[in-house]
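The structure under discussion appears below in the form of structure tokens.
The values are calculated or read from the model by the stated rules, or taken from the named source; none is laboratory data. A quick note: this is a predicted structure, and the numbers were derived from the prediction, not measured. We place every Cβ from the backbone using ideal geometry, glycine too, and count neighbours over all the protein chains shown.
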Amino acid sequence: MPQPALNHSTAAELIPDLCQVEAVLWQLLFSEALVIVLILLSSGALDFSWDLFGTLSFYVLWVVLLSAACLCRVRLHVGRLSLNKLMLVSFFIILLVNLVVSLVSMWGLNYFLFEEYGWDWLLRNQFISAILAALLLHYFHAQLQSRLRLRSEMQARLQALQSRIRPHFLFNSMNIIASLIHVDPDKAEQAVEDLSALFRASLKEAGVEVSLQQELALCKKYVHIESLRLGERLQVVWNVSAPLGIKIPMLTLQPIIENAILHGIQPSATGGKVEIDICHEENQVVIAVSNPLPPPARHARNEQGNQMALENIRHRLHALYGEDVTMDAVHEGKKFIMKISYPYSSPLIC
């Protein structure tokens, strides 16, 4: 797979937020570990000097924490810097911080403790700092590439799953439109507009979250097309108590309704009722779509189709929300019910 492009927009993601409490704790641990390694390399374990440990800890902590603070400020003002320029600026900021701390430390140690620290000590510090800064920025760069690659793979996966869910009702829709052109041109025109709205949505970037109101509008366009084909056999009941402004991944609800009509209403000579219940309880959006079970002769054959549709939607939601998604397909009496729950941040009572 080719490496993802790194440009101005992704350069801002190079430097993590080093000013968070957890990040600061890791910096403290890294600093002390680095000091211990430097002392062990210079004097060995048997001659470990606690005085040197205190002095080096004071110096290294100042360098690490001041560098992190400066990088946090740079992170807020990246602007239009390219990735290479941002890495170069970050590299020289770390060297500059190390130079200033080294100069102050050298003066303090020589003036107050009468230690012999000269320019060779300063140059050695700069050399070590340059190596560590280069390794750190290389690590940040590798982490950025990994995040972009995973993001690209997830988008490709979502796009593939989204395209698998949608298009099989196209031919039926075209047949409906063709039959209506001479009988009822206005209905045919409305069906064309509804169909084009659905396919515009399917061509958008996978994984995009839209408002529940937008998703319901798409679903109602789909139901309108199917009602032209099925007539009075199709009855749809909407029970929506969740706020219309909550977010839902685009084309999550529509395939479930499509599945309910395809397997529950279409095989039945008398049709039936599809019920859509959407509510918001605690931190979860809860969706339940029910439809009549098909006639016994078609039930076993349609079971596989139900499970396939369920798995497709499950993979899409898991790619976006992780393992907090729950999906269940259950039989209650003569009904097939698909229940979905996924996390949402704003706590409301359903």
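List of remarks:
- Unmet requirement for N291, which otherwise passes all of (1) crowded, with 18+ Cβ neighbours inside 10 Å; (2) farther than 14 Å from I257 by Cα; (3) modelled with pLDDT of 75 or more: (2)
- Any hit, region 140-152, residues being of a type in the set (A, V, I, L, M), under 20 Å from the mean Cα position of the chain (by Cα) and modelled with pLDDT of 75 or more: yes
- Condition met for V285 (surrounded by 18 or more Cβ atoms within 10 Å (Cβ to Cβ), on the phi < 0 side of the Ramachandran plot, over 29 Å from the mean Cα position of the chain (by Cα) and outside any helix (DSSP H, G or I)): no
- Of all residue pairs spaced 6 or more apart or on separate chains, those with beta-carbon atoms under 9 Å, a first member in region 300-329 that is among the polar types (S, T, N, Q) and a second member that is modelled with pLDDT under 60 are N312/L161; N312/Q162; N312/R164; N312/I165.
- Matching residues in region 16-72 - criterion: being among the hydroxyl-bearing types (S, T, Y), more than 27 Å from Q145 (Cβ to Cβ) and surrounded by 15 or more Cβ atoms within 10 Å (Cβ to Cβ): T55, S57, Y59
- So L52, is it aliphatic (A, V, I, L, M), assigned by TED's automatic domain parsing to the domain that holds A33, assigned to a helix (DSSP H, G or I) and at pLDDT below 75: yes
- Some residue of region 193-204 being crowded, with 19+ Cβ neighbours inside 10 Å, out of contact with any Gly (no Cβ under 9 Å at 6 or more places or on another chain) and either part of a strand (DSSP E or B) or aromatic (F, W, Y) (or both): no
- Selected residue (criterion: surrounded by the most Cβ atoms within 10 Å (Cβ to Cβ)) from residues of region 243-267 that are free of Cβ contacts under 8 Å to residues at least 60 places away in the same chain and within 13 Å of K335 (Cα to Cα): I261
- Residues of region 106-117 that turn out to be in a helix (DSSP H, G or I) and at pLDDT below 70, as a count: 5
- Of all the listed residues (L103, L123, L136, L99), the sole one being within 35 Å of the chain's Cα centre (by Cα), within 30 Å of R75 (Cβ to Cβ), assigned to a helix (DSSP H, G or I) and modelled with pLDDT of 80 or more is L136.
- One residue stands out among those in region 216-273 that are within 23 Å of A201 (Cα to Cα) and assigned to a strand (DSSP E or B): the one that is modelled with the lowest pLDDT, which is P249.
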